[in-house]
Amino acid sequence: MVVNLLKGFCRAVLPLYPRKALSTNVLVRRTPSLGKHLIGLSRSSTSVNHRKLVRNGEEKKSVIWIEGNIASGKTTCLEYFSKTSDIEVLTEPVSKWRNVQGCNPLGLMYQDPSRWGLTHQTYVQLTMLDRHVLPTASPIRMMERSIYSAKYIFVENLYKSGKMPEVDFAVLSEWFEWIIKNIAIPVDLIVYLQTSPQTCYKRLKQRCREEEKVIPLEYLESIHNLYEDWLIHHKSFEVPAPVLVIPADHDLKKMLHQYEENREKILMAHC
Ligand SMILES: Nc1ncnc2c1ncn2[C@@H]1O[C@H](COP(=O)(O)OP(=O)(O)O)[C@@H](O)[C@H]1O
Ligand SMILES: O=c1ccn([C@H]2C[C@H](O)[C@@H](COP(=O)(O)O)O2)c(=O)[nH]1
């Protein structure tokens, strides 16, 4: 009875409001042309069963992207949430980028970006698309990065730094535009792990991935600036979902504490 009343309410009233506006006490700032930027939640947010939203008799699945600079702590964040039932976690397919039929496009790109940037980013685009269209098995999906950041951050960086020829950029751009126009890429919330480039540099050195040994601090600074322009200042490209910013320079203990504090905001992303 109560459930039916709620369903009726949702059908009658929810369509009258912007999709995110009723979910919780979410503070949403409208930005000129780029959708909404979630700048925080009030402390009085009520606890809502994240499995509840039902549309056309189907459970609404929630998709959350974890975005951030290289070595900002995305994988660590996903590992933490992967321990929660009902959440499926998709990490970036980095192992594929390091080994496609015996070749290493990630390594080649770092060695000679002008020659291999297109090759690498074409494969990133394909493998990220593959992730996006994978059928969801759980009510909540958390994904490391997206086809959007591949284009808006990494391809953009190669091009802007003069390391990707115009024709390569044009071909990748047309592919990307075709994909986002013709294929549904669902997303309900972007969690941005905001770090300083210096922190990432330290963590990158500590992780010590062979291909990344050539990355200078300036590279992380460029990636950082592109992320900030996209997700914070809304100066560059469309942002396809609200953004939750989590400061991520802190030590692991504090980060896990922050993830716990933000758990409800993140898991209720679809409401
Ligand atoms: N909060 C943190 N403090 C210190 N080191 C961290 C923290 N989070 C992650 N690390 C370490 O930094 C490196 C990069 O983290 P990772 O989660 O792989 O980043 P990403 O997936 O964003 O590239 C790893 O060695 C990881 O153990
Ligand atoms: O579109 C992309 C996305 C990522 N990369 C690079 C950057 C890093 O070297 C690895 C994986 O990134 P993490 O932040 O460590 O997950 O892949 C790229 O070149 N292009």
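Laboratory data are not the source of any read-out in this text; all were calculated from the coordinates shown. Please read all numbers here as calculations on a predicted model, not as lab measurements. Ideal geometry is used to build each Cβ from the backbone, glycine not excepted, and the neighbour counts take in all protein chains shown.
Annotations
- Per-peptide packing, taken as the mean over residues of other Cβ atoms within 10 Å, places 185-196, 90-101 in the sequence 185-196, 90-101 from highest down.
- Partner aspartates and glutamates whose Cα lies under 19 Å from the Cα of residue 160, excluding those fewer than 8 positions away in the same chain, are identified as 112, 168, 174, 177, 218, 221, 228, 229, 238.
- Taking packing as the residue-averaged number of other Cβ atoms within 10 angstrom, the listed peptides 256-262, 63-69 run from highest to lowest as 63-69, 256-262.
- 13 Å reach of a label modelled at residue 217, 7 Å along Cα-to-Cβ, counting backbone N of the range 163-200: 196-200
- Surrounding net charge for residue 167, when Lys and Arg each add one and Asp and Glu each subtract one, Cβ distance under 15 Å: -1
- Toward the positive end of the charge dipole of the range 92-210, with +1 on the Cβ of Lys and Arg and -1 on the Cβ of Asp and Glu, the farthest Cα among 104, 198, 116 is that of 198.
- Under the Karplus curve 6.51 cos²θ - 1.76 cosθ + 1.60, θ = phi - 60°, whole-Hz ³J(HN,Hα) for the range 146-152, x wherever Gly or Pro sits: 6, 5, 5, 6, 4, 7, 6
- Using only the C-alpha atoms, the convex hull of the range 116-271 corresponds to 135 Å³ per residue.
- Cα Rg, Dmax (largest Cα-Cα span) when computed across the range 66-108, Å: 13.0, 38
- Given charges at beta-carbon only (K, R positive; D, E negative), |dipole| of the range 157-271 in Debye: 420 debye
- Links that overshoot a 29 Å alpha carbon limit, given the list 83/235; 60/205; 163/253; 181/202; 61/163; 205/254: 83/235; 60/205; 163/253; 181/202; 61/163
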